[in-house]
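Comments concern the structure below.
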Amino acid sequence: MSVLSLRRDPFRLLFSRAPWASAWYVLAYLFTGPALFAVTLAAVLTAGALSITLAGLPLLVVAAAVVQGCATAERWRLQDVSAEAVSGGYRPVTRPGLLARLATQWKDPAIWRDLAYLVALFVPLMVLNTVALALWLVLLAGITLPAWYHYPTQTWTIGVSGRGVSSAHGVQLGYFPHGPHGSGAWGLYVDTLPKAIITAAACLVAFLLFNYVLIAVARLHAAIARALLGAPQDPLREAKEVLARPGPLADAPRQI
């Protein structure tokens, strides 16, 4: 069962495990994703470039092991958001010899699904996770705005020549090219406690609602990882299980 379950009440959702597990799952990918992408791509490209000679063929075996190892690391990360174990379902090597091992490994659809997740989908998943986590953190920081709004100092240039400098305390939420009271400004400049409290309240409401978005992003990422990194499921598995069970008359006494 997934820990990323949704609750209708946003306050109950906030104090559940789902949003925090989602944040951790998304945040961890920002570090593990680039590392696994770099290692996988380097191993595959190096082995592919050197495999034009027979001496380079063993590198293809090593590259396949690297790809499977990186995919296993992502399967291990799935345990943070899913109680169901995910296995790769790789084909076993049953014949001896280097060429037999190569044929088994690189003709296995599982390793190509691993590459699709680790390399092909790296950029889309990275962008999706970065944007979702950044917005979530901005709203979370906005809730605490009354405690620190007066510490930042903003500086602007004034005058036609741009030699004058003006500064003010506060947090600018928008565009203020000539200061909080200058021309061409739009947005909200938080420089008083009432403004900070109102902004924090708005961020709290937005944060409670955005938890659903963050959880949806984490669930989408986990679903993609599970579909590509897991062993393919038999579409007739449930039907076969039903047919294998004893029928309602299996325990009935036989009539002679």
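Read-outs throughout are calculated quantities, based only on the coordinates presented, and are distinct from any laboratory measurement. Here the structure is a predicted model, which means the values were calculated and not measured. Virtual Cβ from ideal backbone geometry, glycine too; neighbours counted across all protein chains shown.
Here are some notes:
- Average silhouette area of the range 138-207, convex hull of alpha-carbon atoms, in square nanometres: 4.7
- Relative to the Cα centre, the charge distribution of the chain, modelled as +1 at Lys and Arg Cβ and -1 at Asp and Glu Cβ, gives a dipole magnitude of about 360 debye.
- Rounded tilt (10° steps) of 122-143 against the dominant C-alpha axis of the chain: 40
- Counting other Cβ atoms within 10 Å as a rough exposure proxy, the listed residues Arg12, Arg219 run Arg12, Arg219 from fewest neighbours to most.
- Sequence of Ser166, Ser5 once ranked by neighbouring C-beta atoms within 10 Å, starting from the fewest: Ser5, Ser166
- Note on the range 90-193: Cα Rg divided by 2.2 N^0.38 Å, N the number of residues, gives 2.13.
- The angle separating the long axis of helix 57-78 from the principal Cα axis of greatest extent in the chain is about 60 degrees.
- Computed per residue of the chain from DSSP H runs no shorter than four, each worth -39500 (n - 2.57), the mean residue ellipticity at 222 nm is -19000 deg cm²/dmol.
- Net charge of neighbours whose Cβ lies under 12 Å from the Cβ of Ala110, counting Lys and Arg as +1 and Asp and Glu as -1: +2
- Size descriptors for the range 1-56 (Cα atoms only): Rg and Dmax, in that order, 20.3, 62 Å.
- Rounded to 5, the percent of DSSP beta bridges in the chain classed as antiparallel: 100
- Per-selection Kirkwood Rh - the chain (Cα, Å, 1 d.p.): 23.1
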